[in-house]
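First the structure, in the form of structure tokens, and then the observations on it.
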Amino acid sequence: AADIGLQPRTSCIYRGRDGFTLIELIVVMSLISIIFFFAIPRLDTSFLTNRSHRVSNWIVFHVKSLKNKAVSQQKTYVMRLDLGENRISCFVKSNQDGDVLDQTEEKSVPSMGDETANNLSTEGLLEKGRKSEKEVFSLPQGFRLSDVILGKKTVFTTGTVDIHFYAKGYSDLAIIHVKDEDGNTVSYIIEPFLTHVTV
């Protein structure tokens, strides 16, 4: 009996498990995969450089803005791409075929003193109103408009191309290709009945 009392007792109590089972690991990996599946398409422009970001933001914002303005003001808006000058301009389409702004779009001039008013000619006021309504964006150095596909088959590599945004809420189908200094090409797809641009 004395010998039994001197022997140390070893504990074999199982206190719990360490680690994860294979089923738990599979479930966690599946959840992470689903999250990445939905998150990565939203980050497709986050890897671009700051200048690429600037070009993308300008095109995406103005396409949406022109579609909204065309419907709210019941006017046809135009996004003109000058492939030679690497310049994009937005304006209201006039009654003629030119790019002169509609007279109704000229902004009213605030009232001012007689001396100041006399110093500004009528032509100067009209020109000021036109400039304020026509937005022009020049692509950063190293970027160029390589081509524009209008409709399904018409490809433009030179000259100017007009993309129309109509009062009924739709626009021309167009794909704008912008090439950077490294030779990478970004496509901006403008769908007729969608407000967003696919990059």
What do you reckon, how do Met79, Met29 stack up by accessible area (1.4 Å probe), largest on top? Met29, Met79
Can you give the accessible area of Thr154, probe radius 1.4 Å, in Å² rounded to 10? 70
Sorted by accessible area (1.4 Å probe), largest first, how do Lys67, Lys168 line up? Lys168, Lys67
Collect residues whose amide H, placed 1.01 Å from N in the peptide plane, falls under 5 Å from the amide H of Leu173; neighbours closer than 5 in sequence don't count. Gly151
At a 1.4 Å probe, what is the % contribution of carbon and sulfur to the accessible area of region 127-199? 51
At 1.4 Å probe size, with no ligands or nucleic acids counted, give the accessible surface of Tyr188 in Å², nearest ten. 0
Computed accessible area, Glu135, all protein chains, 1.4 angstrom probe, square angstrom: 80
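The values are calculated or read from the model by the stated rules, or taken from the named source; none is laboratory data. Note that the structure is a prediction, hence the values are computed from the model and not measured. To get the accessible areas, we keep the full protein, side chains included, count just its heavy atoms, and leave off ligands, DNA and RNA. Shrake-Rupley method; radii C 1.70, N 1.55, O 1.52, S 1.80 Å.
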